[in-house]
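> Structure below; questions to follow.
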């Protein structure tokens with residue numbers, strides 16, 4: 001076994017559990033989560049250049065694969081996704097606000113910074129607001145699905161999401177403007 005193969009094997013043993021947990025918290029279907037985990041490690045194996053800070057790199061790739069999954073599902077008209085319908089009336093969805101990874105390295109870097117800041121800002125929210133925002137915007141659940149799962153009324157969920165959106169807009173405005181309107 002080559003030194004590179006041993007290094008990848010050691011990385012898998014060290015990081016697979018944490019990475020699987022990270023993905024499972026964001027992807028409701030276990031099969032999808034496992035697929036993403038495999039894709040992330042496949043990308044590590046296929047990486048031409050040595051990866052510095054492998055742990056951080058793995059989590060960034062996983063985050064991007066999760067976003068790709070939800071973007072694909074929305075594009076396919078998955079009945080569990082709201083797609084273009086904006087029940088909260090708040091305008092564009094999360095993907096519309098982020099730079100595309102296909103627009104070059106600067107856009108990919110800006111996207112990564114914004115996603116890191118979003119994650120930090122989400123942690124600042126009260127649990128109820130954070131949970132409804134993640135369920136609706138990241139996991140793509142409809143408000144009816146969230147209401148059925150939690151027993152909380154749709155109007156209450158809409159209100160919680162609205163407060164979350166207002167906080168996130170304010171919290172992320174400066175960084176968004178810096179990277180998207182230099």
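All of the numbers you see were taken from the coordinates with simple rules; none came from a lab. Nothing here was measured: the structure is a model prediction, and the numbers come from that model. FYI the Cβ positions are ideal-geometry reconstructions off the backbone, even for glycines, and counts take in every protein chain you see.
> Please sort 147-157, 58-68, 163-173 by packing, taking for each peptide the average over its residues of neighbouring beta carbons within 10 angstrom, highest first.
Highest to lowest by the protection proxy: 58-68, 163-173, 147-157.
> If you don't mind, there's one more thing I want to ask. Which number comes out as Rg/Rh for the stretch 1-78 once both Rg and the Kirkwood Rh are worked out on C-alpha atoms?
Ratio of gyration radius to Kirkwood radius: 1.01.
> Tell me, in nm to one decimal, what length is gained between residue 124 and residue 12 on full extension, where the rule is 0.36 nm per residue of separation less the Cα-Cα distance?
Taking residue 124 through residue 12 to full extension adds about 37.2 nm, to one decimal.
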